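The values are calculated or read from the model by the stated rules, or taken from the named source; none is laboratory data. Given the structure is predicted, the values throughout are model-derived calculations rather than measurements. FYI the Cβ positions are ideal-geometry reconstructions off the backbone, even for glycines, and counts take in every protein chain you see.
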Amino acid sequence: MNHWLTLLESCELCPRRCRVNRLKGQRGYCRIADKIIIAYYGNHFGEEPPISGVKGSGNIFFSSCNMRCIFCQNYQISHGLKGREFSIDELVDIFFELEDKGCHNINLVSPTPYVPMILCAIEKAKKRGLKLPFVYNTNAYENVETIRLLNGYIDIFLPDFKYWNPAIALKLSDAKNYPEHAAKTIVEMKKQVGDLTIKNNIAEKGLIIRHLVLPNNLAGSRQILKWILLHLGNKTFLSLMSQYYPLHDAYRYPMINRRIKEKEYEELIDFLLKNGFENVFIQDVESASLLIPDFELERPFNI
């Protein structure tokens, strides 16, 4: 057995530390045992410009999530486990298929429950000559020990920093200690890959932090941006997203049952400008589109 897979014997990949034996079919919070479940893969153009480029990012949408965001735009796969099973060797084949399609990178979306299998697959792919950079696209609800395992395997980290207030993280995503873990893991990511480097308009290596602005400042956006300024510096690449829409169960909660207002977003842009941030991707509040893959039209296999 590959040594990475032994991590599944008492799973502590994420802060929930369920300690179930996934190799024996036991399932913790993420409900994933020892199989890889993928909902969709293919060229994706909804990422930040240096990630998507002109040919698309090679996104692999893994099923399940270790959070339960009540407004999740991909809840069908994160909450409902939509997808089908793949082996590690089949995941390697997907890497090469995405390379053949001209993708600029391999973008691992919601990868946390699958880290051991992903490491196995990356090792095999690199031995077969794969040259594309790997993107770790995560909600940042991670254990720092898990992120350390990725050192040398992941080229670009693309984490969210969702919430500043633990009580809000618990209410909206069932993750009360989220801010503590997100901060620690993002610092480790920066340590591994540094600030984003771009060549010919395509990201090669580094960190981009995403932050989704929520109505009524529920995310604690200004506090998060202050933390980034203090701990990571104003050269950090940020993606300040205005695309929030009350999907899934958000309609049940009046505080988040609306789009954000232009003023809520513009105040944060003003903060970034005043503090010398230079590398920020922004969206137009009125026309920000939801980055949801069309599973019915674009799926490359039956699910």
Task: From Lys176, Lys127, Lys131, Lys205, residue being more than 19 Å from Leu230 (Cβ to Cβ), in contact with a helix residue (DSSP H, G or I) (Cβ under 7 Å, 6 or more places away or on another chain) and free of Cβ contacts under 8 Å to residues at least 40 places away in the same chain - done: Lys176
Open item on the list: If I go through region 8-25 residue by residue, how many of them are surrounded by fewer than 19 Cβ atoms within 10 Å (Cβ to Cβ), of a type in the set (D, E, K, R) and in a helix (DSSP H, G or I)?
Closed with: 2
TODO: Filter region 61-92 down to residues that are closer than 19 Å to Asn43 by Cα and surrounded by fewer than 16 Cβ atoms within 10 Å (Cβ to Cβ) and give me whichever is modelled with the highest pLDDT.
DONE: Glu90
Open item on the list: For region 98-110, which positions are surrounded by fewer than 24 Cβ atoms within 10 Å (Cβ to Cβ), in contact (Cβ under 8 Å) with a residue 12 or more places away in the chain and not hydroxyl-bearing (Ser, Thr, Tyr)?
Closed with: Glu99, Lys101, Gly102, Cys103
TODO: Output the residues belonging to region 54-91 that are in a loop (DSSP other than H, G, I, E, B), within 14 Å of the chain's Cα centre (by Cα) and of a type in the set (A, V, I, L, M, F, W, C).
DONE: Cys65, Met67, Cys69, Cys72
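Within region 33-53, take every residue that is touching a strand residue (DSSP E or B) at 6+ places or on another chain (Cβ under 9 Å) and part of a loop (DSSP other than H, G, I, E, B) and give me the one that is nearest to Gly80 (Cα to Cα).
So the residue we want is Lys35.
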Open item on the list: With out of contact with any Lys or Arg (no Cβ under 8 Å at 6 or more places or on another chain) and under 30 Å from Ile256 (Cα atoms) as the only criterion, which of Ala183, Ala140, Ala125, Ala169 stands out?
Closed with: Ala183
- [ ] Quick one: count up the residues across region 157-206 that are buried (at least 18 other Cβ atoms within 10 Å of the Cβ), assigned to a loop (DSSP other than H, G, I, E, B) and touching a Gly at 6+ places or on another chain (Cβ under 7 Å).
- [x] 3
